[in-house]
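The structure appears below as structure tokens.
Read-outs: derived from the displayed coordinates by stated rules, not from any lab. Small disclaimer: the values here were computed from a predicted structure and weren't measured. Please note: Cβ atoms are built from the backbone with ideal geometry, for glycine as well, and neighbour counts cover all protein chains shown.
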Amino acid sequence: MKTVKKLLPKYTIALGVIFAVTVIVLMTRGNIVQVDVLEVEKMQLVQAVYATGFVDADTRADLRAEVSGTVGEVRFREGDQVRAGEVIAVFDEQQPELAVQEAQAVVDRQRSLVRERRTALERYRSLIAAGAVSRQEYDDTQYSYEQAVGQLEQVEAQYRRRRDDLAKLQITAPVDGVLIELDMTRGDYITANTLVAKVVDPSCYVINAEIDELDVPKIEKGQKATVAFDALPEQRFAATVDRLVPQTDRITKTSGVYLGFDEPVGGVQAGMTATANIIYHTREGALLVPRASVVSDNGGQYVWKIVQGRLGKQPITVGSADLTHVEVTDGLAEGDLVVATPEERFREGMDADFEL
């Protein structure tokens, strides 16, 4: 019993020491934070205007029926290549074709009559020179010839109108391209002026985009842009501002801008959603930090700077910015270390555990 009493104070002291060490370790470990840091450096500042839009084509055609009638034949399908002048579809109507044939027969008869009267006029010209016919007879012959020529011009004009009417029975591709829409099949009855097909030239694809009216003064022809597509999220395409539409929509407060691709682009289709960053200003040697590293507080801005391995709030003055970085005009120097992603739990003086 006496031995136990002698040992208890020793165990009590040992447990107290262990407890104190544990508390110190826990407090120390709780004051260390693991952080991702980056070194402040001078880089190129790239400022751009964000635009949204879709794939369009400079060479495109909307084809409409010029007459009402029943579709008799469809020669192409959606997705087919067509060349300018090729007939896409034909209406099944016989009346215009018969009218052309009748008009052609009238023209042929009238041309024959003109030849006959021209021959007679030439013969009368010789006879009047020899005094074999009177002047009146010659004048009558000349008048008959001129009348026949005038009638020929009229029937030829009628024939051309009949040919035009016949041509309206055909839906013809006006440009080379791809048939992206075909809204008719054999047997359909189509009324005049109905949109029946669309043709686009993929070699003339452009981005038809919209920008905020506040950004219009920043944009001009020839500026470079980077284009991305929802359908091709891993790829980026170089483009150039081709033209700016000189009008702002009063409702959306946006203006149109067209971007042409610098190189032929594969894998895209008309109508695809696109986004673009149009570069309007670049500057070398700007001291930049990521936007995510900057914290706003009470009207000011600061970053968490690493000094001798500890965290410290560093007030900064910012200048220009691009999509990912902010320029620091005061408060930091090249080579300073700052936390890439600040957290609310950070406190002044915390030890920072990091790797460069």
*Taking +1 at the Cβ of each Lys and Arg and -1 at the Cβ of each Asp and Glu, which of 326, 50, 132 sits farthest along the dipole of the chain towards its positive end, judged by Cα position relative to the Cα centre?*
326
*Taking only Cα atoms, what is the 0 to 90° angle, nearest 10, from helix 2-30's long axis to the longest principal axis of the chain?*
30
*asked:* Run the simple label-point estimate for residue 50 and residue 62 please: 7 Å along Cα→C-beta, distance reported in nm.
replied: 3.1
*Please report the orientation-averaged projected area of region 40-160, defined via the convex hull of its C-alpha atoms, in nm².*
18.9
*asked:* Quick check on region 291-334: take the gyration tensor over C-alpha atoms, sort the square-rooted eigenvalues as a ≥ b ≥ c, and tell me if it's rounded (a/c under 1.5), prolate or oblate.
replied: prolate
*Could you work out how far helix 135-167 tilts from the main Cα principal axis of the chain, as a 0 to 90 degree angle to the nearest 10?*
30
*the chain - mean residue ellipticity at 222 nm from DSSP helices (-39,500 (n - 2.57) per run, n ≥ 4, rounded to 500)*: -10000 deg cm²/dmol
*asked:* Using 0.36 nm times the number of residues separating residue 310 and residue 220, minus their current alpha carbon distance, what extension gain do you get?
replied: 27.6 nm
*In debye, nearest 20, what is the charge dipole magnitude of the chain about its Cα centre with +1 on Lys and Arg Cβ and -1 on Asp and Glu Cβ, if you could check?*
1300
*Once the Cα gyration tensor of region 94-156 is found, what semi-axes does its equivalent ellipsoid get, as square roots of 5 times the eigenvalues, in whole Å, sorted largest first?*
33, 9, 6
*State, to one decimal in nm, how far the label point of residue 189 lies from the label point of residue 346, with both points 7 Å from Cα in the Cβ direction.*
7.5
*Once the piece of chain linking residue 243 and residue 157 is laid out straight, how much longer is it, given 0.36 nm per residue of separation minus the C-alpha distance between them?*
26.6 nm
*Normalising by the residue count of region 163-203, find the relative contact order in percent from Cα pairs under 8 Å and 6+ residues apart.*
48
*Two-site FRET efficiency, residue 181 against residue 284, from Cβ-Cβ distance with R₀ of 56 Å, rounded to 0.05*: 0.70
*With contacts defined as alpha carbon pairs under 8 Å and 6 or more residues apart, what's the relative contact order of the chain in percent?*
28
*Any chance you could give the angle, 0 to 90 degrees and rounded to 10, that helix 95-130 forms with the longest Cα principal axis of the chain?*
50
_For the chain, the fraction of alpha-carbon pairs in successive 10 Å shells from zero, as %_ = 5, 13, 13, 13, 11, 10, 9, 7, 6, 4, 3, 2, 1, 1, 1, 0, 0, 0
